[in-house]
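Working notes for the structure below.
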Amino acid sequence: MSSALLAIGRRRTTAERRRDRERDIIRATRELFDERGTIDAQIDDIAKRVGINKALIYRHFAGKEELFALTLVDYLGELDTRLQAVDNPRRAPLNRLKALAEVFVDFCLEFPAFTDCAMSLLRRSGEELFGEITEPVMITLGTAMAAALGRIAVVLEAGQRTGAFAKADTAYLANHLYTQTLGSLHMARVGLIVSSGKPGHPVVHHAEVATVRATAITATLATAVGRFAYEVPKKAQRARRAGDQS
């Protein structure tokens, strides 16, 4: 075999080893996220879990934010698989969206680190993200998000065609529902509700996870239904008033 072919073989093996190492690092990051949360998952701990020097991590990833972004991609891939498993085009759009919302909410509750990781990226501006994450990784992240968001947008479009959902930009609305659900599930992470009590003495209550879950799902459906959610009750009220006057 020629030296040129041998060199190509060595390069291919090196590339494969690099991809395997990157997968190991991402896997270890997610394991630590699920065990400890995003705040307590340090680069040193990730390196120890993989069995490498932490300096090697920065040879594979531009920085901590890029590693976290690719770990979010791993979560999103699993989320989309679960969404696909329950998505049934033969269902009525409202029931179809409810099934997707239940899976999304339950995924957030099962993997709180997913919520934290997703919210961490959402708090940054696009300019900040491009300053911390390389373009190929941004494309990978965008593709992973688009898979789940596109699935939701298709259901919204189906509901709009049947008149079950109010007309709206489905791409925007899918992104809104994604962000809205992440925000509401953060209440389950905090576990607290604050209300007014005596002057200067606010009352703190425990937030029931079941209540947060039910509210998040209902909010998704209500947002999709849009103006119909209050137009129908208004029509019913007008009909009752008309009946009372007759």
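The values are calculated or read from the model by the stated rules, or taken from the named source; none is laboratory data. These figures come from a predicted structure and were not determined experimentally. Cβ sites come from the backbone with ideal geometry, for glycine too, and all protein chains shown count toward neighbours. Remember, those area values only see protein heavy atoms, side chains included, never the ligands or the DNA or RNA. Shrake-Rupley method; radii C 1.70, N 1.55, O 1.52, S 1.80 Å.
Points to keep in mind about this one:
- Charged neighbours of A188, selected by a Cβ distance under 13 Å, balance to -2 (K, R count +1; D, E count -1).
- Averaged over its residues, region 18-60 has an accessible area of 61 Å² per residue, based on protein heavy atoms and a 1.4 Å probe.
- Efficiency of FRET between E22 and V154 - r from beta-carbon atoms, R0 41 angstrom, step 0.05: 0.80
- Scalar couplings 3J(HN,Hα) for region 208-218, obtained by applying the Karplus form with A = 6.51, B = -1.76, C = 1.60 to θ = phi - 60°, are 6, 4, 4, 5, 4, 4, 4, 5, 5, 5, 4 Hz; x denotes Gly and Pro.
- Spin-label model distance (nm) - E78 vs A210, 7 Å beyond Cα toward Cβ: 2.6 nm
- Between R90, R27, R36, the residue with the greatest mean-square fluctuation in the GNM of the chain (Cα pairs under 10 Å linked by springs) is R90.
- Estimated inter-spin distance, R227 and T13, nm [label 7 Å along Cα→Cβ]: 6.7 nm
- Additional length obtainable on full extension of the chain from D34 to E127, 0.36 nm per residue less Cα span: 30.6 nm
- ³J(HN,Hα), Karplus 6.51/-1.76/1.60, whole Hz, each residue of region 47-52, x for Gly, Pro: 4, 5, 5, 7, x, 10
- If R0 is 35 Å, the Cβ-Cβ spacing of K64 and E102 corresponds to a FRET efficiency of close to 0.60.
- Reported label for calculated Cα extents along the principal axes in Å given [x] 55, 38, 32; [y] 97, 52, 32; [z] 46, 44, 34: [y]
- Apportionment of accessible area to carbon and sulfur, region 28-185, percent (1.4 Å): 53 percent
- When only alpha carbons are used to place a centre, region 162-202 and region 117-160 end up 19 Å from one another.
- Potential lengthening between A55 and T134 on full extension [0.36 nm per residue; Cα-Cα distance subtracted]: 26.6 nm
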